[in-house]
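Read through the structure below, which is laid out as structure tokens, and then see the notes.
Just so it is clear, none of the values below were taken in a lab; they were calculated from the coordinates. Here the structure is a predicted model, which means the values were calculated and not measured. Glycine gets a Cβ as well: all are built from the backbone with ideal geometry, and neighbour counts include every protein chain shown.
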Amino acid sequence: MTAVLPRRRLAALPATPRYIAGRIGQALLALFGVVTIVFFALRLSGDPARLLVPEGATAADIARVRDRLGLNDSLWHQYTTFLGDAVHGNLGYSYVQNRPATDLLAERLPYTANLAVAALVLSLLFGVTVGTVTALKRGRWQERVLMPIVLAGQAMPAFWTGLLLVLVFSVGLRWLPSTGYDGPLSLLLPSVTLAALSAAAIARVTRGAMLEQLAQDYVRTARAKGAGTWRLVTRHLARNTAIPVLTVAALELANLLGGAVVTEVIFAWPGLGQLTVQSVAARDFPVVQAIVLLASAVYVVVNLATDLLYGVIDRRVAAGGGTA
Amino acid sequence: MTEPATFLRIRDLRIGFGSGHEAVRGVDLSAERGETVALVGESGCGKSLTALALLGLLPPGASATGSAVLDGTELVGRDERALRRIRGARAGMVFQDPMSSLNPTTPVGAQIAEVLAIHTRMSRSARRRRAVELMESVGIPDAAARARQMPHQLSGGMRQRVMISIALAGRPDLLIADEPTTALDVTVQAQVLALLRERARDTVLLFITHDMGVVAEIADRVAVMYAGRIVETGPVRAVLDAPRHPYTAALLRSVPDPDRPVAGELPTIPGQVPAAGERIEGCPFRPRCARATDRCLTPPDLTPDETGGSVACWHPHELTEAAS
């Protein structure tokens, strides 16, 4: 994934139609590059036909399968056919399930999107709160209690956090289902597992941005007006710290929407992450290609949306930066 | 009949840091309603800390003792809750750099209206109307449109007028202006001074500056600070025409005066302001003072003289003695 988030805060960035068109052009180019690399890399990974035939199949059986999948054509021919179909929205048929790859994705996407949004909401709630509190209470007990929790959340890998949560809440307390999708409650454990990772990143960025803004003169002005801490945070600091926090949150969202592979496997979550694992293992080229294409498209769209939001948050960005 | 109580009375104000260093060492100052007192001194003399202490806005680690009573209300040693009711309502403050002192992502009208949101029960629309009125009253043309603009869209002078509107919005009894013209163009400085003089008729205006030229234009009385103490105070004409403390005299000599051109370089004061934490026995100005004797090893107290002023010096310039 090649999309790099711009770090410019006050650089010229007018949201004109021409600017947006330019960004979309860049995005299409990036998608083309990603898809091309994935297409050829997949074909270096081995022969899918060997995995499709039953045990004890002859060389002739394998050749027949290869022929049916079009894998005997020249690489160049396969590539141009793929690109031609892709432009028309046809990403090929799954080798394994013999259904359009786009159908498989459409089936899985809602589950992944649910999980991603739930995880993002949780991690924003926790991350922004912890980041703000630790910045305001720098050097006090609140910071000493909260920072280790944040660090632990980030240091623990998803397979460990996930299993721990299952052990406590499903096996021990029997409050929540351990695996699969069975109503909104089953969303809880996997989204907490995912949020543990993102929340730490969001908390650290929030804390850094808050500390930077707290040292600004306008904070003293607000206090000289008689503003209390709550007003200071909600009316002054929130908007001025939003850009870095939003940037990290968008990055996390894009990652989550691409499918949280480990977490989905642990919780047998029927989303894109699991589909990715299954498809890679089966060398189901069309499905893997479709997933990569979708993930990169999400990345690019989220980044573009973030860039445009900068101008809404801080009008100096929209005006092209600089002072009057 | 008893004498009316002084409107603002600061008694033995001391500001110390946790390290044991005392930056302000017993300031006594009083002022009547409608009076403008200039607090003058070089950077680091404690004049800004004195002002911040009156609003309970000292930087972290600093704490104030002593007393400052504004029309019956004690300002020093109050808890945060009480201070929030005082700030913006009883006492307003104008800071040095209007660009950094205004919130960069909030329209200026909303920043003025915020004072009213904190301290009054006015409706949202009434607050907005009042903010525009305040902007008009400080001489901002086309105030209704300006109110919707961001700080970076205004000129430096306009920004400082917005800051003054903020400080005046709560109809304070005490207006503190900390170097309010230092960051402005010379032509704008005079306008802002005139505005402050006009708008501070019903308040005590505590005007902090290092610029003796500005003092003559704005102040009724002047208090000269050196190394955390007031060394001389009195009516502005008396102090400027016939300074008694050698430090005041030296400060005045280092100001260019068109009536008294100097050949070559402007005179400077030899030596340096004592460093933070440096302890000087006796009079703090002794190491830099041409008139110092062994007697100056005992610290002099601020002693009233027949001009209505006071001076803390064992060897003050005589009243008949010219400042030169």
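Where the centre of each part is set by its Cα atoms, how far does the stretch A:30-58 sit from the stretch B:1-67, in angstrom?
For the stretch A:30-58 versus the stretch B:1-67, the Cα centre distance is 78 Å.
I need to check one value: relative contact order of the stretch A:110-279, counting alpha carbon pairs closer than 8 Å and at least 6 residues apart, in percent.
35
When only Cα pairs under 8 Å and 6 or more residues apart are kept, what is the percent relative contact order across chain A?
The normalised contact order for chain A reaches 31 percent.
Let a ≥ b ≥ c be the square roots of the eigenvalues of the Cα gyration tensor of chain A; is it rounded (a/c under 1.5), or, if not, prolate (a/b larger than b/c) or oblate?
oblate
According to the square roots a ≥ b ≥ c of the eigenvalues of the Cα gyration tensor, what is the shape class of the stretch A:110-279, taking rounded for a/c under 1.5, prolate for a/b larger than b/c otherwise, and oblate for the remainder?
prolate
Take the protein assembly as shown, compute every pairwise Cα distance, and split them into 20 Å bins from 0; I just need the percent in each bin.
Over the protein assembly as shown, the share of Cα pairs per 20 Å bin runs 15, 35, 25, 16, 7, 1, 0 percent.
Based on DSSP, what percent of beta bridges with both residues in the protein assembly as shown are antiparallel, to the nearest 5?
Once the DSSP bridges in the protein assembly as shown are tallied, antiparallel ones form about 60 percent.
Between B:R237 and B:E318, 0.36 nm times their residue separation minus their Cα-Cα distance comes to what?
That pair, B:R237 and B:E318, stretches by 27.6 nm at full extension.
For the charge dipole of the stretch A:110-279, defined by +1 on Lys and Arg C-beta atoms and -1 on Asp and Glu C-beta atoms about the Cα centroid, which residue among A:V261, A:L124, A:S178 has the Cα displaced farthest towards the positive pole?
Going by the charge dipole, the pick is A:L124.
If you find the alpha carbon centre of the stretch A:246-320 and of the stretch A:153-221, how far apart are they in angstrom?
One Cα centre to the other: 18 Å.
With the radius of gyration and the Kirkwood radius both derived from the Cα set of chain B, what is their ratio Rg to Rh?
Dividing the radius of gyration by the Kirkwood radius yields 0.99.
Within the stretch A:106-184, report the chymotrypsin sites (Phe, Trp or Tyr not before Pro) that DSSP leaves as loop and that have at most 16 other Cβ atoms within 10 Å.
The qualifying sites are A:W175.
By how many nm would the segment from B:R201 to B:E80 lengthen if fully extended, with 0.36 nm per residue of separation less the alpha-carbon distance?
Full extension from B:R201 to B:E80 adds 40.7 nm.
How big is the dipole moment of the stretch A:110-279 about its Cα centre under a simple scheme where the beta carbon of each Lys and Arg is +1, that of each Asp and Glu is -1, and everything else is neutral? Debye, nearest 20, please.
Dipole magnitude for the stretch A:110-279 comes out near 960 debye.
Considering the options B:G139, B:M150, B:V239, tell which one lies farthest towards the positive end of the dipole of chain B, charges being +1 on Lys and Arg and -1 on Asp and Glu at the Cβ, about the Cα centre.
Sorting the options by dipole projection puts first B:M150.
Which value, in Å to one decimal place, does the Kirkwood hydrodynamic radius take for the stretch B:74-115 when every pair of different Cα atoms is included?
Evaluated over the stretch B:74-115, this radius sits at 12.1 Å.
Rg to Rh ratio, the stretch A:179-324, alpha-carbon atoms and Kirkwood radius?
Rg/Rh: 1.11.
What is chain B's relative contact order, in percent, from Cα pairs under 8 angstrom and six or more apart in sequence?
Over chain B, the number comes to 20 percent.
Given charges of +1 on the Cβ of Lys and Arg and -1 on the Cβ of Asp and Glu, with all other atoms neutral, how large is the dipole of chain A about its Cα centre, in debye to the nearest 20?
1780
Can you give the helix-only mean residue ellipticity at 222 nm for the protein assembly as shown, where every DSSP H stretch with n ≥ 4 adds -39500 (n - 2.57) and the sum goes over all residues, rounded to the nearest 500 deg cm²/dmol?
Calculated from helices alone, the mean residue ellipticity at 222 nm is -15500 deg cm²/dmol.
According to the square roots a ≥ b ≥ c of the eigenvalues of the Cα gyration tensor, what is the shape class of the stretch A:228-270, taking rounded for a/c under 1.5, prolate for a/b larger than b/c otherwise, and oblate for the remainder?
Prolate, because a/c is 1.5 or more and a/b exceeds b/c.
Charges at C-beta only: +1 for Lys and Arg, -1 for Asp and Glu. How large is the resulting dipole of the stretch B:118-183 about its Cα centre, in Debye rounded to 20?
480
Write out the trypsin sites (Lys or Arg not before Pro) in the stretch A:109-194 meeting two conditions: DSSP loop, and at most 12 other Cβ atoms within 10 Å of their Cβ.
In loop regions of the stretch A:109-194 (DSSP not H, G, I, E or B), the sparsely surrounded trypsin sites (Lys or Arg not before Pro) are A:R140, A:R174.
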